[in-house]
Amino acid sequence: MATNFKSKTIGIALKDRGSILPAGHTANGAYWFDNASGSLISSNYYMQALPDWVVRFNNKRLPDTYMAKNWNTLYPVDTYTQSTADEKQYENNFPGGGTTTFPHLTEKITKDKYEIFRATPYGNTYTVEAAKAAIEGENLGGNGVTDFLAVSFSSTDYVGHAYGPNSVEVEDVYLRLDKDLAALLTYLDSKVGKNQYLLFLTADHAVAHASGFAKEARLITAAAMPGMQKAVNDAIKKEFGDGKYILAFTNYQVHLNNELVAANKIDRAALKQTIIRTIMKQPEIFSVVDLENVQTASLPETVRKGLVNGYNQKLSGELQYLYKPQYGGYEKGASHGYWNPYDSHIPLLWFGWNIKSGKSNREVYMTDIS
Ligand SMILES: [Zn+2]
């Protein structure tokens, strides 16, 4: 808007939200990966037909080329010093009959091929190729005004969820992402010019350890304690009778079925108390917060502030449960969405135009970038 819409803004990612949200409402185009076709797609919010450069890019069928290569470690596996042994029971198996151990035979995958492609390092390599095609196709940096290209690397997240941050798979994905980023910077240096572009790199979250890893390291006493949802539903049934009074447990929140609660004249406050009491009995939980009364929660100010910042009265659930440090509720793989520094502390790197070398430990927030 500052250039009266003369600047171009383009979003690129495998994930729809990774492309659409960083590019914003006024983007010229946001492109993401479609599992059904194995191609980049967009929305008619931006345009009626894909630009020629996207059609040409899709015609290369890069995902098929990558999947035919299989996924083995980039370097000999005994040089991977930042991870555990490859075979761990708390990792998920590679899809399509694979195991937790390299090599992962992507060439054999026929069912859900492009969905599985996302959870390989090749998804990041593909994203760099798509970013280069966008720079070329839209002549980014050559329009006389500052253009904005938002690129999200989604494969790190998919692989991290499946195997956990201490896996050989994650170490391999980051070794390869480093090479992918080097390729993008080399391209930008030659296309736009050294120091003629400003780049920042950050993340939307970090991650917790796989709970099996945390147990092995004696950080916790039990890897995963399933059964919370059933316990809550049983308690509700006992006190309030039949009725699906909970719509969903999602992102560590409980969403109430407020229409049914009202229609059946259920005491909503009593219902919430029953749910809170039941969840609090779970040994891995340290707090359940009524998000409608978050100011009364006895929590450290930084945690409460995070809950307030994340709360949307129309979209959020009514209750939020918080795990004790290092607990996370998953038997296999890992996840994020925890207030703890190992998850909420993210990197922020600046590079290129007018950036002097240096580092800072000052606390800054993602929103400070703008
Ligand atoms: Zn994730």
Within the range 134-162, of all residues that are away from the ligand (no atom under 16 Å from the Cβ) and acidic (Asp, Glu), the one farthest from GLY29 (Cα to Cα) is GLU136
| request: Answer with yes or no whether SER298 is assigned by TED's automatic domain parsing to the domain that holds LYS244, surrounded by fewer than 12 Cβ atoms within 10 Å (Cβ to Cβ) and farther than 17 Å from THR202 by Cα. | output: yes
Of those in the range 1-40 that are in contact with a Gly (Cβ under 7 Å, 6 or more places away or on another chain) and in a loop (DSSP other than H, G, I, E, B), the residue farthest from ASN124 (Cα to Cα) is ALA27
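Restrict the check to the range 287-295 and report whether at least one residue is more than 21 Å from the chain's Cα centre (by Cα) and under 23 Å from GLY212 (Cα atoms).
Yes, the range 287-295 contains a residue that is more than 21 Å from the chain's Cα centre (by Cα) and under 23 Å from GLY212 (Cα atoms).
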Filtering the range 163-192 down to residues that are within 16 Å of the ligand (Cβ to nearest atom), within 18 Å of ASP204 (Cβ to Cβ) and part of a helix (DSSP H, G or I) yields VAL170, VAL173, TYR174, LEU177
The lone condition PRO95 fails out of (1) modelled with pLDDT under 95; (2) crowded, with 18+ Cβ neighbours inside 10 Å; (3) within 23 Å of the chain's Cα centre (by Cα) is (2)
| message | Taking the conditions exactly as written (touching a Ser or Thr at 6+ places or on another chain (Cβ under 8 Å), in a loop (DSSP other than H, G, I, E, B) and within 16 Å of the ligand (Cβ to nearest atom)), does ASN124 satisfy them or not? | response | no
Scanning the range 57-74 residue by residue, those loosely packed, with under 11 Cβ neighbours inside 10 Å and either small (Gly, Ala, Ser) or in contact (Cβ under 8 Å) with a residue 24 or more places away in the chain (or both) turn out to be ALA68
Restricted to the range 193-215 and to residues being buried (at least 17 other Cβ atoms within 10 Å of the Cβ) and outside any helix (DSSP H, G or I), the residue farthest from the ligand (Cβ to nearest atom) is TYR197
Only one of (1) closer than 30 Å to ALA334 by Cβ; (2) free of Cβ contacts under 8 Å to residues at least 24 places away in the same chain; (3) surrounded by 12 or more Cβ atoms within 10 Å (Cβ to Cβ) does not apply to LYS230, and that is (3)
Residues of the range 326-350 being without any contact (Cβ under 8 Å) to a residue 60 or more places away in the chain and surrounded by 15 or more Cβ atoms within 10 Å (Cβ to Cβ), in sequence order, are TRP339
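Per-residue answers, yes or no, for (1) assigned to a helix (DSSP H, G or I); (2) not hydroxyl-bearing (Ser, Thr, Tyr):
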| residue | (1), (2) |
| --- | --- |
| LEU315 | no, yes |
| GLY329 | no, yes |
| TYR338 | no, no |
| TYR342 | yes, no |
| SER357 | no, no |
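The values are calculated or read from the model by the stated rules, or taken from the named source; none is laboratory data. What you see is a predicted model; the values in this text were computed from it and never measured. When we count neighbours, we look across all protein chains shown, and the Cβ atoms used for this are built from the backbone with ideal geometry, even at glycine.
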